[in-house]
Amino acid sequence: MKTILLIEDDDKNGLRDRLKDCCRTIHRARSEQEACGLIAVVEGVILDIPLSQLHHWQAALTAMRRVPLLWHCTEQKLPAQMDWGFALDGVLFPSMTAAELKHALLWGSRIHQQRKRWGEEREQLMQRIEERKWIDQAKAVLCEIRGISESEAYDFLRKQAMNERKRMGDVAASIVKVYQLIHG
């Protein structure tokens, strides 16, 4: 990551100085308003905040823009059951050297990209499942109305989609909605 947004209450632990070896530009913010103005130009965010504020900042930053989020943990004692939140891509520690920080930032970026791909794949699968539901309902409607077999109904849907240059799911949804309007 070349450009980082560092969210911090104060610079008491010198993290910003240690990050200068890892990044070209470090922007600093102490409030959500400052972060909102800077998040568009950064490649990642490091949260140098207490554990008690972690969930709040994760939610606020994720609502602004999805970027790799790493937490700089300076807590002396963590809870036995740690809830890292929903958007954390890595954890940094005060004992890390500059080289370790650099590797952790690269790893956090990689984790973020992987999680992003998984989210996109999940969304595509959910759309395919939804489309499949419409197709199954439309096949049932066509079987009932036209008195044809399920495979003939599927072929009809496929041909209709090709003729209209639409996706099969869209054609199926139209058929089901019209049927529901007429018979509902």
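The values are calculated or read from the model by the stated rules, or taken from the named source; none is laboratory data. The structure displayed is predicted, hence computed values, not measured ones. FYI the Cβ positions are ideal-geometry reconstructions off the backbone, even for glycines, and counts take in every protein chain you see.
Of note:
- Residue in segment 111-133 that is at pLDDT below 95 and in contact with a strand residue (DSSP E or B) (Cβ under 7 Å, 6 or more places away or on another chain) present: yes
- Checking each residue in segment 12-41 for being touching a strand residue (DSSP E or B) at 6+ places or on another chain (Cβ under 8 Å), without any contact (Cβ under 8 Å) to a residue 40 or more places away in the chain and not in a helix (DSSP H, G or I) picks out 20, 24, 25, 26, 27, 28, 29, 30.
- Picking from residues in segment 50-67 that are farther than 17 Å from residue 104 by Cβ and part of a loop (DSSP other than H, G, I, E, B), the one that is farthest from the chain's Cα centre (by Cα) is 50.
- Residue 71 vs. criteria without any contact (Cβ under 8 Å) to a residue 40 or more places away in the chain and either touching a strand residue (DSSP E or B) at 6+ places or on another chain (Cβ under 9 Å) or over 14 Å from residue 2 (Cα atoms) (or both): yes
- Helices (runs of 4 or more DSSP H) contained entirely in segment 72-184, each with at least 2 residues that are exposed (fewer than 14 other Cβ atoms within 10 Å of the Cβ) and among the β-branched types (Val, Ile, Thr): 98-146, 168-183
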